[in-house]
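The values are calculated or read from the model by the stated rules, or taken from the named source; none is laboratory data. None of these values were measured; they are calculated from a predicted model. Counting neighbours? That spans all protein chains shown, and the Cβs are built from the backbone with ideal geometry, glycine included.
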Amino acid sequence: MREAHRFDRGALEHYMAQHVEGFAGPLVVRQFEGGQSNPTYHLAAGGREYVLRRKPPGKLLPSAHLVEREYRIITALGRTDVPVPRAYALCEDASVIGTAFYVMDFVPGRVMRDPRLPELKPSERRAVYTDMVDVLSRLHRVDWRALGLEDFGRPGNYFARQIHRWTEQYRASETETIPAMERLIAWLPEHIPGEDQTTIAHGDYRPANLIIDPAEPRVVAVLDWELSTLGHPLADLAYNCMPYRLPAALFEGLAGTDLPALGIPSEEEYVAAYCRRAGRSRIGDWDFCLAFAMFRLAAILQGIMGRVLAGTAAAADARARGAMARPLADAALAVIASRAAN
């Protein structure tokens, strides 16, 4: 474990013995390298494996690091056909390990952070992309009311509320002036699409947050639900499609890549596949959705940089990630410019 994220292993073992069905110690704890927001740990005990997600120590931004929401949505989706780990227990008592946390199953498999999926063959890449878009469409078809999630977010007016929220979060962690962010903050509220729709939105749906089966090219679990809410499905889809508009140097983007040679569908093919599965006839204002997704991620990255300067960043590469806020905002403006040109 990184020094800033250490905790009392004995206290956690005692808690799990009381609250996790079938738990038997002793407990071995290791910290995963990833997790820009919430420190994440691998737990092993009694021949079983678990994952712990916790809030980071230190002063936190309002409405950020909400492990309680992650636990709730994973528990609810465990009753659907959306693949999620089994959730065991939520602890909101900070006296146990210092911050709130939850425990879920460890799902064996492969995590592929690069959307080019270099570990796979072309036919396997296409299969993963096919399953990835299928899982996203299944999430958006879930009846959130039937799951008791009416208060998981506010239905309707999603884009306006999110632009306001992430502008506030950006301001709260602002470490420098980024001209492109200032232009986006002014432009986005004036160009919100008229069409509205409400589904469960993951908020960070990308290959790095999926577990691929150890042997087969299919998704066996969706992770990192911290940003999930009731939202507009096209915001999720646009976020998932951002790599198509980004260069390789920026989040391993796909722009300029020979996608047919890799076996990866084009942006148009991927969006069309989503529409077929989600029952949509068309998508309007797609460029707005992409620019919004980039703006939102840039605000998140600025939050990471803020935690770097405060000394509470969760991941070793946090500074490099935080520095991507500026070029990502520039990429969003490029999307807007191409929209104007067309």
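Per-structure values
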read-out	value
Flag if LEU309 is part of a helix (DSSP H, G or I), within 16 Å of the chain's Cα centre (by Cα) and not assigned by TED's automatic domain parsing to the domain that holds GLY98	no
Single residue of ALA221, ALA235, ALA255 found to be surrounded by 21 or more Cβ atoms within 10 Å (Cβ to Cβ), small (Gly, Ala, Ser) and closer than 19 Å to ALA329 by Cβ	ALA235
Close pairs from the stretch 77-92: first free of Cβ contacts under 8 Å to residues at least 12 places away in the same chain, partner buried (at least 18 other Cβ atoms within 10 Å of the Cβ), Cβ under 9 Å, at least 6 apart	GLY78/VAL84; GLY78/PRO85; GLY78/ALA87
Out of LEU259, LEU237, sole residue that is out of contact with any Ser or Thr (no Cβ under 7 Å at 6 or more places or on another chain) and among the aliphatic types (A, V, I, L, M)	LEU237
Residue among ARG161, ARG125 that is out of contact with any strand residue (DSSP E or B) (no Cβ under 8 Å at 6 or more places or on another chain), more than 23 Å from LEU230 (Cβ to Cβ) and not aliphatic (A, V, I, L, M)	ARG125
Among (1) under 19 Å from ALA208 (Cβ atoms); (2) without any contact (Cβ under 8 Å) to a residue 12 or more places away in the chain; (3) not hydroxyl-bearing (Ser, Thr, Tyr) - the single one ARG110 does not satisfy	(2)
Hits in the stretch 276-294 - residues which are under 24 Å from ARG116 (Cβ atoms) and hydrophobic (A, V, I, L, M, F, W, C)	TRP286, CYS289, LEU290, ALA291, ALA293, MET294
